[in-house]
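Peer 1: Have a look at the structure that comes next, please.
The values are calculated or read from the model by the stated rules, or taken from the named source; none is laboratory data. Please read all numbers here as calculations on a predicted model, not as lab measurements. All Cβ positions, glycine included, derive from the backbone under ideal geometry; neighbour counts span all protein chains shown. Please note that ligands, DNA and RNA were not included when accessible areas were found on the heavy atoms of the full protein model with its side chains. Shrake-Rupley method; radii C 1.70, N 1.55, O 1.52, S 1.80 Å.
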Amino acid sequence: MTIVYDNEAEEGLISGWGFSCYIKTEEENILFDTGGDGRALLHNLRMLDISSQEITKVILSHEHGDHTGGLFALLNTNPEIEVYVPVSFSKSLKNEIASQVRLIEVSEAQEICRNIYTTGELGSGVREQSLIVDSGSGLYVITGCSHPGLTEIMGAALKFGRVAGIIGGLHGSMEYDLLKGLNLIGAGHCTAHKKEIARKFPDAFLEIRAGLSLEL
């Protein structure tokens, strides 16, 4: 897994408010969210030696522009991509996506491909899906902004098995009890309480940035 787009970035990469990460499996090459700017997304993919032509699926967590803004720049380079969005996405955006590529609308938890699952659409305010990656030795939850709250996200993930880690934006969550026992807390993008999470969980905390690669 490689962080492609984040508020912070390693040298040579473009930072920006938003999030995107690349997940490579034996069967699929998945991009979760697309950041806020297509030019920056494509630049970072090139610098990270990730070919847009090799991406097979894009999973969008929610409709905010800092997670969807790079999508059409990416689709212009690869019209074979499948795009998964929460069913609550606006009709206009779904129609625009469907006019270019295959669109899959997500409501319930489901398998995306072997060892990769979506929580399904969660939340009563901003509707959002998270990804679940089965590493074989625990599950890793990949979040966009965690708008539904960690209680709902982690509850959905636990239905698939033991959660070993969480990576992505944790927004303003203070549900620290849910982070106890995790091997990895990779906090980035919109996480408001990084310092407190790092203080409480020094052995598990990792501040993520564009360019960071992890073997799950």
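Peer 1: For ASN29, list long-range residues whose amide hydrogen, built 1.01 Å from N in the peptide plane, is under 5 Å from its own amide hydrogen.
Peer 2: Placed amide hydrogens put THR56, LYS57 under 5 Å from ASN29.
Peer 1: Relative to 2.2 N^0.38 Å, what does the C-alpha radius of gyration of the chain come to as a ratio? Two decimals please. Present the calculation step by step, with values, prior to reporting the outcome.
Peer 2: Details: Rg = 15.7 Å, N = 216, 2.2 N^0.38 = 17.0 Å.
Scaled against compact globular proteins, the figure is 0.93.
Peer 1: Consider all pairwise Cα distances in segment 163-216 and report the whole-number % of them above 12 Å. Walk me through the intermediate numbers first.
Peer 2: Values: 881 of 1431 pairs.
I get 62 percent for the Cα pairs in segment 163-216 exceeding 12 Å.
Peer 1: In addition: Cα centroid distance between segment 1-46 and segment 154-182, in Å?
Peer 2: Rounded to whole Å, the Cα centres lie 22 Å apart.
Peer 1: Specify whether the C-alpha gyration tensor of segment 99-180 places it in the rounded, prolate or oblate class, a ≥ b ≥ c being the square roots of the eigenvalues: rounded for a/c under 1.5, otherwise prolate if a/b is larger than b/c and oblate if not. Don't jump to the answer; show the numbers that get you there.
Peer 2: Working: a/c = 2.03, a/b = 1.22, b/c = 1.67.
Taking the square roots of the gyration eigenvalues as a ≥ b ≥ c, segment 99-180 is oblate.
Peer 1: Pick from HIS171, HIS67, HIS43: which residue has the top mean-square fluctuation in a GNM of the chain where Cα pairs under 10 Å get a spring?
Peer 2: Of HIS171, HIS67, HIS43, the Gaussian network model singles out HIS43 as fluctuating most.
Peer 1: Rounded, prolate or oblate, given the Cα gyration tensor of segment 57-134, with a/c below 1.5 counting as rounded? The partial results should precede the final answer.
Peer 2: Numbers: a/c = 1.79, a/b = 1.23, b/c = 1.46.
Oblate shape, in that a/c is at least 1.5 and b/c is the bigger or equal ratio.
Peer 1: Ignoring ligands, DNA and RNA, what percent of the accessible area of segment 78-149 is carbon or sulfur (1.4 Å)? Present the calculation step by step, with values, prior to reporting the outcome.
Peer 2: On the way: 1200 of 2920 Å².
Percent of accessible area from carbon and sulfur atoms in segment 78-149: 41.
Peer 1: Enter the accessible area of ARG114 (Å², nearest 10), with the probe set to 1.4 Å and all protein chains included.
Peer 2: Spelled out: ARG114, probe radius 1.4 Å, area about 120 Å².
Peer 1: Calculate, for the chain, the solvent-accessible area per residue in square angstrom, rolling a 1.4 angstrom probe over the heavy atoms of the protein chains.
Peer 2: Values: 9250 Å² over 216 residues.
Per-residue accessible area for the chain comes out at 43 Å².
Peer 1: Check the chain and count each lysine pair with an alpha-carbon distance under 25 angstrom, considering only pairs eight or more places apart or from different chains.
Peer 2: Taking the Cα cut-off of 25 Å, the pair count is 9.
Peer 1: Would you mind finding the longest exposed-site-free stretch of the chain, with exposed GluC sites (Glu not before Pro) meaning DSSP loop and at most 11 other Cβ atoms within 10 Å? Spell out each step's value before the answer.
Peer 2: Working: sites that count: GLU11, GLU26, GLU27, GLU80, GLU108, GLU215.
Answer from the scan: 109-214.
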